[in-house]
Amino acid sequence: MAIEFTCKNCNAILRVPDEHAGKKAKCPKCETLNVIQAGTIEPQAPQKPMADSADFGNPFATPTGMPSGGFTGRAHQAPHRGSTVLSLGIAALICNFALIPGILAWVFGRSDMREINAGRMDPEGRGMTQAGMILGIIGTLIPLVIFMIYVIFIIIVVVIAALGAAGGGGF
Ligand SMILES: [Zn+2]
């Protein structure tokens, strides 16, 4: 297999045998010295090493700039689902009469808070999880309360109508 790379000066695609990896090669077109990278490099490949972009997309990777709080148990903890619980809680408030997201935020939030308090889940998500759970409870209870008020209102109207009919007071 040959190593393929582009000249840093004129962008010509150069091809050299594998055994020249790590050495310098002179571009046949512009005579610029290029260091031959080990491994085949596609001309359209990103300039960054693959490890960087792989770390970036990993939600479980610990950010490098984070202050270490001396917390030792983190490696054994599940990642928190605070953002999921919070989104469900917000969704419960936005679509007021869709009970599903509110109930989900309530149930997930409650079990996740238990996990966080027991030290089995990343405590960083405590605030988000709690907020999402409260929104979920509100989003679940408000439609229920509105529905109950509505039912009570209908019962009162029916009772008044029935009383009026019983009184024989036809208009
Ligand atoms: Zn060149």
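The values are calculated or read from the model by the stated rules, or taken from the named source; none is laboratory data. None of these values were measured; they are calculated from a predicted model. In case anyone asks, the SASA skips ligands and DNA or RNA and just uses the protein heavy atoms, side chains included. Shrake-Rupley method; radii C 1.70, N 1.55, O 1.52, S 1.80 Å.
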Next item on the list: Using a 1.4 Å probe over the heavy atoms of the protein chains, calculate the carbon and sulfur portion of the accessible area of region 79-165 as a whole percent.
Entry: 79
Next item on the list: Provide ILE116, ILE152, ILE138 ordered by accessible surface of protein heavy atoms (probe 1.4 Å), highest first.
Entry: ILE152, ILE138, ILE116
Next item on the list: Leaving ligands, DNA and RNA out of it, work out the accessible area of PHE108 with a 1.4 Å probe and give it in Å² to the nearest 10.
Entry: 70
Item checked: Whole-angstrom Cα spans of region 79-165 along principal axes, big to small -> 64, 23, 15
Note to self: If DNA, RNA and ligands are ignored and the probe is 1.4 Å, what is the ranking of VAL85, VAL151 by accessible area, most exposed first?
What the structure shows: VAL151, VAL85
